[in-house]
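Asks: Here it is: the structure, laid out below.
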Amino acid sequence: MGIRIVELLIEYSTLSLNRPFTYIYLKDKLIDRGFRVLVEFNNRKIVGYVLKVEATNKTKEQLQEDYGFKINEIIDVIDNASLLDDNLLELADIISNYYLAPKIAVLQAMLPPSLRPAKSFFKAPKIAYDQYLIVKDINEEGLSPKQIEILRFIAGEEKVLKKEIKSISVVKKLLDLGKLDIVYKEKNRLELPSFEYSEPKILNNEQKKVVQQFLSSDEQVYLLQGVTGSGKTEVYLHICDEYLKQNKTILMLVPEISLTPIMSENFIRRFKGQVAILHSELTPAEKYDEYRRIARGEAKVVVGVRSAIFAPLKDIGVIILDEEHTESYKQDTTPFYHAREVAIFRAKQYGAKVLLGSATPSLESRARAQKGIYHFLRLDKRINEQILPLTTVVNMLDYHNIDRDSYIFSKKLREEIQLCLSKKEQIILLINRRGFSTSISCRKCGHVFKCPNCGIALTYHQKDNMLKCHHCNYMELMSDECPECGSTQFLKTGFGTERIDDEIHRLFPDAKTLRLDSDTAKIRTKIQSTVEAFRQHKADILIGTQMIAKGHDFPNVTLVGIVLADIGLTMPNYRSAERVFQLITQAIGRSGRGDKKGRAIIQTYTPSHYAITMAARQNYDLFYKQEMQIRKSQYYPPYCFMASINISSANEEICIETAYTCAMDLKQQFSNEGEIIGPSAPYISFLNGKYTRVILIKYKNNELAMNIFKKVIESTSHKSQIKVELKIDPYDF
């Protein structure tokens with residue numbers, strides 16, 4: 001076939017290598033755009049991703065003379081078809097350009113482990129097959145009675161799974177004689193639950209109006225603001241039903257893995273046999289099988305978390321993001337994409353619609369809806385006119401509210417828990433912090449046990465008697481004595497979910513509890529089994545972090561207790577008040593969703609903070625108005641665009657020097673067109689042996705900013721001792 005010149009990306013996702021490399025292919029395999037290939041780069045065998053293939057009549061020597069350097073040969077072609085269709089390839093370019101991210105990093109984020117353009121794919125699962133036996137030759141002459149029996153049995157069944165026949169030696173002999181043949185059929189390693197079909201529920205007038213407006217309008221993006229318990233899920237299901245009738249496909253995203261089973265169940269019941277599931281708790285094998293099933297067109301509806309936005313669907317009709325405000329829709333590693341923006345990019349490709357749903361929309365989405373950029377839809381009432389929970393804010397600074405027998409629970413919360421238990425009603429207790437104690441120190445010398453990687457206090461976990469870092473996952477066994485002075489007396493301060501569980505068992509010994517946080521959810525299926533057990537009232541109290549605050553529907557829950565509402569308010573982030581308001585509002589919304597009245601108790605040391613008072617009143621509109629005034633006065637999104645440049649190095653001096661040089665360069669280039677803040681040390685400035693400094697950039701001219709950022713990346717990408725990360729629309733910095 002002659003020599004082919006191939007331009008490809010290599011698997012390393014560093015900015016300095018974000019460009020095509022030229023190789024030649026001399027063998028006879030099919031090779032085209034979107035294929036993976038095995039190449040040698042810097043004396044290592046790695047995977048490349050083909051961008052362009054061009055045939056040539058020139059010899060290898062002539063090409064090397066033309067290029068002026070030695071051209072390496074491609075060792076082998078891995079695929080026999082392109083990994084992504086034209087739309088997804090175009091989407092990769094859009095994302096790479098918008099977030100100024102290495103294209104190879106985007107491609108690796110788009111694909112499951114088994115298909116990624118990275119050498120790690122060799123160890124990832126491949127296609128699994130079931131082996132079926134079929135009759136090839138029915139002639140029984142010369143066969144033993146046992147062989148005839150097996151042959152006749154398989155003939156009568158047409159085909160039989162090989163593993164189901166116990167007589168292995170007989171089957172082998174029949175295969176050797178050519179009497180039987182093996183047929184391979186790809187099998188799916190993910191077994192979806194088998195739920196009974198669920199008839200569509202009758203919508204109330206508010207829901208009908210929202211569905212009608214969505215289906216009849218021509219806008220592309222819609223924001224549905226609906227109070228907790230207003231029936232947003234049923235609206236999603238009715239809208240999806242209409243698009244399936246048009247033979248369109250559906251992307252249904254949820255923010256948390258903990259919500260996926262509930263949403264999956266709703267969709268599987270309604271659209272039996274048409275649903276695929278994609279989330280990070282699936283094994284690589286299950287993920288691979290589901291991805292291939294979607295690509296073959298066997299699933300019309302995909303339910304999943306952030307990465308499911310890249311599901312290989314064709315003819316997309318609608319993309320829905322439930323709880324659109326949640327920060328987990330923002331990828332926190334390269335390429336730092338946001339699923340909402342990617343959804344809008346994808347929708348444009350297909351002429352599809354995007355529906356963003358939330359009781360507490362992000363300020364950016366609500367501001368766009370106010371301006372008419374998004375079509376604004378509302379559900380202001382709960383289903384069946386249920387009233388919102390009666391909420392009490394308890395000031396923990398007032399000693400009259402303190403329970404002498406417990407420093408964790410106020411008198412009011414303890415009384416309400418006792419009342420609920422006596423009425424056989426259920427309770428949810430939320431604290432957005434896991435573990436038993438937030439720090440351990442020596443009573444004698446004051447030594448605090450800290451993470452050697454991050455320098456922050458380690459959290460004590462009583463169940464396994466370990467100290468753990470909640471940022472880099474470092475852990476160590478709890479010591480019996482202080483490493484500084486040898487004392488055996490320790491002071492445990494602060495508390496998390498594990499400590500609350502312990503306190504409940506002390507105060508209410510007959511109460512049955514379940515706990516749901518990232519510690520208990522380490523076992524696959526644990527989230528789903530815990531949620532289901534609580535729904536079936538196998539426990540009286542569910543204790544957890546933000547995992548339990550969103551999306552769940554427990555009809556018998558009549559009390560929600562937010563044990564410490566202040567967590568997060570002191571974080572150095574302009575979104576801290578918004579996050580606290582959203583978390584409290586969502587948590588309160590879990591109460592009183594059945595036919596019983598709901599109550600909520602908010603314990604706080606800052607009872608007058610507007611995020612807490614307005615969350616208690618479930619008044620999003622008032623919170624939005626006040627928070628927007630603060631954002632405007634401080635010039636934060638949505639009143640500007642924002643980016644951050646994170647500079648890290650194992651050498652603190654080099655890190656700081658590079659950060660200051662970069663900041664000066666940015667100030668000079670932006671002039672009066674942007675505001676440069678920093679460099680400053682982030683909340684965690686030392687992580688995994690690397691020092692970090694952050695520069696924040698606020699700007700309005702997006703085109704100018706992108707050009708400047710490209711120059712900054714180019715000027716720093718060649719420096720081997722530092723790592724530079726650009727984050728567009730950062731959530732944390």
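The values are calculated or read from the model by the stated rules, or taken from the named source; none is laboratory data. All figures in this text were calculated on a predicted structure; none of them were measured in a lab. Every residue, glycine among them, receives a Cβ derived from its backbone with ideal geometry; neighbour counts consider all protein chains shown. Accessible surface areas use protein heavy atoms only, side chains included; no ligands, DNA or RNA. Shrake-Rupley method; radii C 1.70, N 1.55, O 1.52, S 1.80 Å.
Asks: If you count the DSSP beta bridges with both ends in the chain, what percent of them are antiparallel, to the nearest 5?
Replies: Rounded to the nearest five, the antiparallel share is 55 percent.
Asks: Gap in Å between the Cα centre of segment 555-575 and the Cα centre of segment 576-626?
Replies: 8 Å
Asks: Still on this structure, I have one more. State which entries of 201/272; 468/690; 232/412; 103/719; 245/300; 29/58 exceed 22 angstrom in Cα-Cα distance in the structure shown.
Replies: 232/412
Asks: If you don't mind, another one. Report, in debye and to the nearest 20, how large the dipole of the chain comes out about its Cα centre when Lys and Arg carry +1 and Asp and Glu carry -1 on their Cβ.
Replies: 580 debye
Asks: Okay, moving on. Placing unit charges on C-beta atoms (Lys and Arg positive, Asp and Glu negative, everything else neutral), compute the dipole magnitude of segment 1-96 about its Cα centre in debye, rounded to 20.
Replies: 320 debye
Asks: Give the cysteines in the chain for which no other Cys Cβ lies under 4.7 Å away, or write none if there are none.
Replies: So, 240, 420, 472, 640, 655, 662.
Asks: From the square roots a ≥ b ≥ c of the eigenvalues of the alpha-carbon gyration tensor of segment 508-660, which class results: rounded (a/c under 1.5), prolate (a/b over b/c), or oblate?
Replies: Oblate, since a/c reaches 1.5 and b/c is not below a/b.
Asks: I need the calculated FRET efficiency for the pair residue 93 and residue 327, taking r as the beta carbon distance and R₀ as 30 Å, to the nearest 0.05.
Replies: 0.70
Asks: Starting from the Cα-Cα distance between residue 40 and residue 213, subtract it from 0.36 nm times their residue separation and give me the gain in nm to one decimal.
Replies: Net length gain for the segment: 56.7 nm.
Asks: For 184, 374, give me the order by solvent-accessible area with a 1.4 Å probe, most accessible first, ignoring ligands, DNA and RNA.
Replies: Sorted descending by solvent-accessible area, the residues read 184, 374.
Asks: Check the straight Cα-Cα distances from residue 411 and name the lysines below 26 Å, setting aside those fewer than 8 residues away within the same chain.
Replies: 423, 424, 492, 512, 596, 597
Asks: In nm, to one decimal, how far is the modelled label at residue 476 from the one at residue 622, with both set 7 Å along Cα→Cβ?
Replies: 4.9 nm
Asks: Grab the other residues whose beta carbon is less than 12 angstrom from that of residue 15, score K and R as +1, D and E as -1, and report the net.
Replies: Here the count lands on +3.
Asks: Another one. Going by average Cβ neighbours within 10 Å, how do the peptides 310-322, 709-721 rank, with the highest at the top?
Replies: 310-322, 709-721
Asks: Quick check: net charge around residue 611, other residues with Cβ under 9 Å of its Cβ, Lys/Arg +1 and Asp/Glu -1?
Replies: Within the 9 Å Cβ shell, the charges total -1.
Asks: Also: Tally up the carbon and sulfur contribution to the accessible surface of the chain as a whole percent, 1.4 Å probe, everything protein left in place.
Replies: Of all accessible area on the chain, carbon and sulfur atoms account for 48 percent.
Asks: Ok, one more. Report the net charge of residues surrounding residue 627, where surrounding means a beta-carbon distance below 12 angstrom and charges are Lys +1, Arg +1, Asp -1, Glu -1.
Replies: Result for the neighbourhood of residue 627: +3.
Asks: Using the Cα centre as the reference, give the magnitude of the dipole from point charges on the C-beta atoms of segment 392-495 (Lys, Arg: +1; Asp, Glu: -1; all else neutral), rounded to the nearest 20 debye.
Replies: 180 debye
Asks: Which shape class, rounded, prolate or oblate, goes with segment 84-216 when its Cα gyration tensor gives a ≥ b ≥ c as root eigenvalues, a/c under 1.5 marks rounded, and past that a/b bigger than b/c marks prolate?
Replies: Cα axes put segment 84-216 in the oblate bin.
Asks: If I take the Cα coordinates of the chain and project them onto the principal axes, what are the three extents in Å, biggest first?
Replies: Over the chain, Cα extents along the principal axes are 92, 74, 68 Å.
Asks: Per residue, how large is the accessible surface of segment 236-349? Use a 1.4 angstrom probe and give square angstrom.
Replies: 28 Å²
Asks: Still on this structure, I have one more. Using only helices, what value at 222 nm comes out for the chain when you add -39,500 (n - 2.57) per DSSP H run of length 4 or more and divide by the total residues, to the nearest 500 deg cm²/dmol?
Replies: After summing the helix terms and dividing by the residues of the chain, the value is -9500 deg cm²/dmol.
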